[in-house]
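Step one of this worksheet: look at the structure below.
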Amino acid sequence: MIKRAMLLLGALLCLSSIVMAQISDTTRLEGRYEIGKITVRGAQEADPGAIIAFSGLRVGQVIDFPGQQINQAIKAIWAQRLFADIEIQQQKVIGDIIFLEIIVKELAQLHRYQLNGVKSSERKNLEELLNTILIQGTILTEHDRQRAKAVIKTYFEEKGYPNAVVRTRLKPVANQDRIELVLEVDKRDRVKIQKISFSGNTQISTRKLRKLMSNSQEKKRWFKKSLLTSEGFKEDKARILARYQELGYRDARISKEKIRISPQGDWNIQLTIDEGAPYTFGKITWRDYGIYPVEVLNEVLGIQTGDPYHPQLLEERLYFSQNGRDISSLYMDQGYLFFQVEAVETGINDHAIDLEIRLQEGPQAVIGKVKISGNATTSEEVIRREIRTQPGDLFSRAALIRSQREIINLGYFNPEKVDIRTDVHPENGTVDIEYIVEEKSNDQLELALGWDPASNQLQGTIGVALNNFSTARIFDKDVWQPFPRGDGQQLSLRFQSTGRNYQSYNLSFTEPWLGGKKPTNLTVSGFYTNRFFEGTEGTNERFNILGGVVQLSTRLRFPDDHFIYSAGLNVQRIQLENWQVDGFVLEDGSYLSDGNFYNIYLKQTLARNSLNHPIFPTGGSLFSLSAQTTLPYSWLGLSNDSDDPAEQFKWLEYYKIRFESTVYKSLGRKLVLKGSAKLGLLGSYQSSATLSPFERFWFGGDGLSGQQGFGGVDLISMRGYDDQRDFDANLNGGATVFSKYTLELRYPLLQSPAANMQALIFAEAGNAWGQLDQVRPFDLQRSVGAGIRIHLPMFGMLGFDYGLGFDKDPISGQSIWSKYGSINLILGFEPD
C-alpha cells in the first residue's frame, strides 16, 4: 500500500514539473521581469534593429509585463506610420527573465499613383508637387495620403476652386504586395467674386479699399482677375490694415467677415472695419547721441510732433531708406558700422505716442580686405576699378551700394546674382568685404532682314558687338570663347546693304580705362555709307559719306562722380553726285546735288547718369548737354562767298546744341514711370550767313536709319507719325529746331539672366521747325500707343511700338488718328 502511494506521489510531481515548464514558455504571466532578448516578426522592408530602437526597449531593462513600458513601446513604433498593426508578446519566461517578440504588419508599398479629373497642364504641375510626397517603392502611410490631398486642394484653391474635393482609394496590384493610390479630383465650379462691400470705413473710401485688394477683384473689372484665393485674400486684408497704419490708425482691424454665395455660385464678400482712433507722433527725444546734434538728427528723421503715426515710415527713417535718408545711413556712411538705433515708446497721451530714440554710436570701422569671387572670365582689375570701397577707407554703406550698382552697370554679370558679404571683426574694428558675381555674356549679334523704302529693296544687316573684349589676350588661345574676353574693351563691326544701291560699314573700338589708372575712355570709330541709284538716260545718282571719330571721356569728381565729360573730334567727307533722292534743300528751294563737302567738328558733352540699371532702370536719372561746333570760318576770313553752293558749303560751318533729360521713378507693384524731354537747335555764327543744309533734324517715324545720323542728318523718332510726310520742316530739307516730350509707364513681364521683357504704354508730344523764329513751344503733335521691349544678351534690345498720332496732317489736313497708326521697330538700341 505504502509503495503504491509513493509511486502515485512521484507521478504527480513529474506531471507538475512538466506543467510548470509549459507555463514558463507560453503562458502570459504578470509580474516584474528583466528583458533577456527582443525579436521582431513580420518585418519585410523595415529594419528589425530600427524597430527595436523605435520601441525604446532594450535587453537588461527591468519592466512590468504587461505594463506602461509595453504600451509606450507600441505607441513609439506606431508613431513611425510604417505599420498597419503592432503587437508585443512574451515569447517565454525563465525565472525572472522574459523574452519578448514584436509582431508587426507592414503597410503596403506604393506601386504608383493616378490622378483623375484634371487637365494635362494641371497634371504636370501637380505631379511636380506630388512626386516629393508619393514616392514609388516606399511605404504609403495615411499621413502621405492626407498630405497629397492637401497639396491638390491648395493648388486648386489658388486657381479659384476653393470648393474642390479630393477623394482617395487604394487599388491592389495583381500578383504584387503593392498598392496603387487613385486620387479622384472634383474641382467643382470656379468661384468668382461678384461684389466686395465694406462697412465701418470712414477714413478710406470704399473705392480706395477695393483698389488695395489687388488679389481679390470683382469680376466686372476689366483686365483684373476675379478669382478668390485664401493666400491672396489674406494679403489683401493685410494691405488694408497697413494702409490704415500709414494714416495713424494703428488699432484698426477687420472685425467681421461675411461671405454670401449667389445663386450662380459667385461670392459676395462684406468686410466690417473697426478703424479705431487715429494716433499721432508725440514728443520725440534722443538719447546717447554725441556725434551729430539733435537738429541734424531731427532733420534726417523728418517726423514732426502731430504727424500721423506711421510705424513703417519710422522704421524706414531709422534703418534704411531707398533715397539714403535715414539715421543708420547717416552714421554708417561715416564708418560707424557698429551703430545701433532703437525707438522706444515712453507714453501715450490722448493718442499721441511719445518716443525715445536710443543710439549706440560705437567706434568707426575701417575696411580691411576687399575680395571678388565668381568672375571666371572678366579680369579682377576691371571690377576693382568700379568699386568705391578700398582697403583702409572708412566703411560707408552708400559706397557699398554704389559699388554694387557700378558692377551691375558693367553689363558683364547677372544683376540678380551680384551680392555683397561682409565679415566684421569687432576686435580690431575692421570689416572685410566680398563682392560675389556671376558671369553672363553680353556680346551681341545682329542679323536682320528688312525693307528699305528708299530703294524698294530688301536690306540685310549683320553685326557683332563684343562688349567685354580683350586686346591683351588675343594671342592667348586658352581664353578665346570664341573671342578673347575679360578686359572690358568694346569692339563692334556692322555691315548693312541692299546690294549695289546701298552699303554701310561701321567699325568702333573703345578702351574704357586708358592707361589703366583713371576712368578715361578712348573711342576710335570709322564709318562709310554709300547710296547709288541708276537713273534714266545715264544720269546716275550717288551719295556717300566717309568719316572717323576720336573721342575721350572722363568721370568727374565735381559736383559728384556721376558726371562725365567727353570731347570728340569728328572728320567727315560728304560726296554728292547728281543727288536728288532725299534732297538737301537750300533756302531758295533748290537742291544741293553735287560737290564734295567737309564736316569737321568738335563735339563736347556733359552728362550725369545715376540710373540704377543699365537695361531696364527703375530709378535714377540721365541728363546730357552737348555742343557740336565747327571752326567759325566766316570769323576767320576763310569762308567762300561764291554763288556756287558746292563751293559755298564746301567747309561746313555751324553749331548744334542738344539737351536731353530722362527720369525714372518706381511707382510700386513693379510699375515704373519714365519721363523725358529732348531739345535741339542748329545755328550759324553769323545771323546773315546761310544755314548749312546738312546736320539738320528729321523728325518722325522710328528713327532707325542709323545711330549716327543718315545722310548728314539727325533722325528724331516720333511714334505715330511717318518719317517725312507729317512735318513741314522735313519737307524743306530738315528742321533746325525741335522739341520732344515723352511719358512712359513700364511693367516687367519677364526678368531673368536669359531674357528681360517689358510692356509699356506711352504718350508723346513734339514738333520740329525750319527756323528759330517759327518756333511755337505749345504747337505740338501728339500721339499715344503701346509697345514691348525684349532684351536678349546675344541680340541686345528688340521690340516694337504701335503709335497713333491724332493731330492734323499738314499736307492733306486729314486727321492722322482716322488715317493711320504706325508701327516702330526697335533693333539693338532705342532711337532718339
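The values are calculated or read from the model by the stated rules, or taken from the named source; none is laboratory data. Bear in mind that the values here come from a model prediction, so they are computed numbers and not experimental data. Note that we place each Cβ from the backbone using ideal geometry, even for glycine, and neighbour counts take in every protein chain shown. Protein only, heavy atoms only, side chains kept; ligands, DNA and RNA dropped before computing areas. Shrake-Rupley method; radii C 1.70, N 1.55, O 1.52, S 1.80 Å.
Quick one: Karplus J couplings for region 739-750, per residue in order, coefficients 6.51, -1.76, 1.60, θ = phi - 60°, nearest Hz, x for Gly and Pro?
The phi angles translate into 9, 8, 10, 9, 10, 10, 10, 10, 9, x, 9, 8 Hz.
Can you give the calculated 222 nm mean residue ellipticity of the chain, where each DSSP H run of n ≥ 4 adds -39,500 (n - 2.57) and the sum is split over every residue, rounded to the nearest 500 deg cm²/dmol?
Taken over the chain, the calculation gives -5000 deg cm²/dmol.
To the nearest 20 Debye, how big is the dipole of the chain about its Cα centre, given +1 on the beta carbon of each Lys and Arg and -1 on that of each Asp and Glu?
Values: 95 positive and 99 negative charges, 783 e Å.
The calculation lands at about 3760 debye.
Residues with amide H under 5 Å of residue 250's amide H, sequence separation 5 or more or different chain, H placed in the peptide plane at 1.01 Å from N; which?
Under 5 Å from the amide H of residue 250 lie the amide H atoms of 279, each far enough along the sequence or on another chain.
What whole-number value in Å² describes the accessible area per residue of the chain for a 1.4 Å probe?
On the way: 43910 Å² over 832 residues.
Accessible surface, normalised per residue, equals 53 Å².
Determine which aspartates and glutamates satisfy two conditions relative to residue 440: a Cα distance under 12 Å, and not lying fewer than 8 residues away in the same chain.
Result set, ordered by chain and number: 416.
Per-residue HN-Hα couplings for region 411-419, Karplus 6.51 cos²θ - 1.76 cosθ + 1.60 at θ = phi - 60°, whole Hz, x for Gly and Pro?
x, 8, 10, 5, x, 6, 10, 6, 10
Roughly how many debye, to the nearest 20, is the charge dipole of region 517-670 about its Cα centre, given +1 on each Lys and Arg Cβ, -1 on each Asp and Glu Cβ, and no other charges?
Details: 15 positive and 16 negative charges, 359 e Å.
The dipole magnitude comes to about 1720 debye.
Please compute the net charge surrounding residue 673, taking Lys and Arg as +1 and Asp and Glu as -1 over other residues with Cβ under 11 Å from its Cβ.
Combined, the nearby Lys, Arg, Asp and Glu give +2.
Let me understand region 91-226 better: what is its radius of gyration from the alpha carbons, and its Dmax, in angstrom?
Rg and Dmax of region 91-226, Cα atoms, are 24.4, 85 Å.
Counting only DSSP beta bridges with both residues in the chain, what percent are antiparallel, rounded to the nearest 5? Intermediate results must be reported in sequence, preceding the final value.
On the way: 218 of 255 bridges.
If I count the DSSP bridges inside the chain, around 85 percent turn out antiparallel.
Straight-line reach from residue 656: which lysines fall under 24 Å, measuring Cα to Cα and dropping same-chain residues less than 8 apart?
603, 678, 740
Could you tell me which of 751, 88, 680 has its Cα farthest along the dipole of the chain towards the positive end, charges placed at Cβ (Lys, Arg +1; Asp, Glu -1), taken about the Cα centre?
After comparing all options, I get 88.
Is the C-alpha gyration tensor of region 245-287 telling us rounded, prolate or oblate? Criteria: a/c under 1.5 is rounded; beyond that, a/b larger than b/c is prolate, otherwise oblate.
Prolate.
Classify region 28-165: rounded, prolate or oblate, from the alpha-carbon gyration tensor (a ≥ b ≥ c, eigenvalue square roots; a/c under 1.5 rounded; otherwise prolate if a/b is larger than b/c)?
It is prolate, given that a/c is not under 1.5 and a/b is the larger ratio.
At 1.4 Å probe size, with the rest of the protein present, what percent of the exposed accessible area of the chain is carbon and sulfur atoms?
Carbon and sulfur together cover 53 percent of it.
How long are the three semi-axes of the equivalent ellipsoid for the chain, computed from the Cα gyration tensor as the root of 5 times each eigenvalue, in whole Å, largest first? Mind dumping the intermediate values first?
On the way: eigenvalues 1189, 242, 211 Å².
After diagonalising the Cα gyration tensor, the semi-axes are 77, 35, 33 Å.
Using only C-alpha positions, report the orientation-averaged shadow area of the convex hull of region 434-513, nm², one decimal.
The number I arrive at for region 434-513 is 7.6 nm².
Please report, in cubic angstrom per residue, the volume enclosed by the convex hull of the alpha-carbon atoms of region 507-616.
On the way: hull volume 19.1 nm³, N = 110.
Taking the convex hull of the Cα positions in region 507-616, it is 174 Å³ per residue.
On a 0 to 90° scale, report how tilted helix 142-158 is relative to the longest principal axis of the chain, with both axes built from alpha carbons and the result rounded to the nearest 10.
In the chain, helix 142-158 runs at an angle near 30 degrees to the longest axis.
Using modelled backbone amide H atoms (1.01 Å from N, in-plane), which distant-in-sequence or interchain residues come within less than 5 Å of residue 695's amide H?
The answer is 713.
Checking a compactness column here: for region 334-452, what do you get for Rg(Cα) / (2.2 N^0.38 Å), N being the number of residues?
1.59
Based on the alpha-carbon set only, what is the convex hull volume of region 93-149 divided per residue, in Å³? Each step should come with its number before you reach the end.
Numbers: hull volume 6.0 nm³, N = 57.
With only Cα atoms used, region 93-149 gives 106 Å³ per residue.
To the nearest 20 Debye, how big is the dipole of region 113-194 about its Cα centre, given +1 on the beta carbon of each Lys and Arg and -1 on that of each Asp and Glu?
Numbers: 16 positive and 12 negative charges, 59 e Å.
With only Lys, Arg, Asp and Glu charged at Cβ, the dipole is about 280 debye.
Using the Karplus curve 6.51 cos²θ - 1.76 cosθ + 1.60 with θ = phi - 60°, work out ³J(HN,Hα) for each residue of region 434-449 in order, rounded to whole Hz, and write x for Gly and Pro.
Karplus-based 3J(HN,Hα) across region 434-449 equals 10, 9, 10, 10, 10, 5, 9, 7, 10, 5, 10, 10, 10, 10, 9, 9 Hz.
Could you give me the radius of gyration and the Dmax of region 318-395, taking only the C-alpha atoms into account and expressing both in angstrom?
When restricted to Cα atoms, region 318-395 yields Rg and Dmax of 18.8, 64 Å.
Compute the Kirkwood hydrodynamic radius of region 382-459, taking the inverse of the mean of 1/r over all pairs of distinct Cα atoms, and give it in Å to one decimal.
15.6 Å
Roughly what angle does helix 2-26 make with the longest principal axis of the chain, taking Cα atoms, 0 to 90 degrees, to the nearest 10?
10 degrees
Rounded if a/c is under 1.5, else prolate if a/b beats b/c, else oblate: with a ≥ b ≥ c from the C-alpha gyration tensor eigenvalues square-rooted, which is region 504-570?
Prolate.
Under a straight-distance cross-link criterion of Cα-Cα below 17 Å, which lysines are reachable from residue 665, leaving out those fewer than 8 residues away in the same chain?
674
5 Å is the cut-off here: which amide hydrogens, built 1.01 Å from N in the peptide plane, fall below it relative to residue 443, excluding neighbours closer than 5 in sequence?
Close amide H contacts, sequence-distant or interchain: 467.
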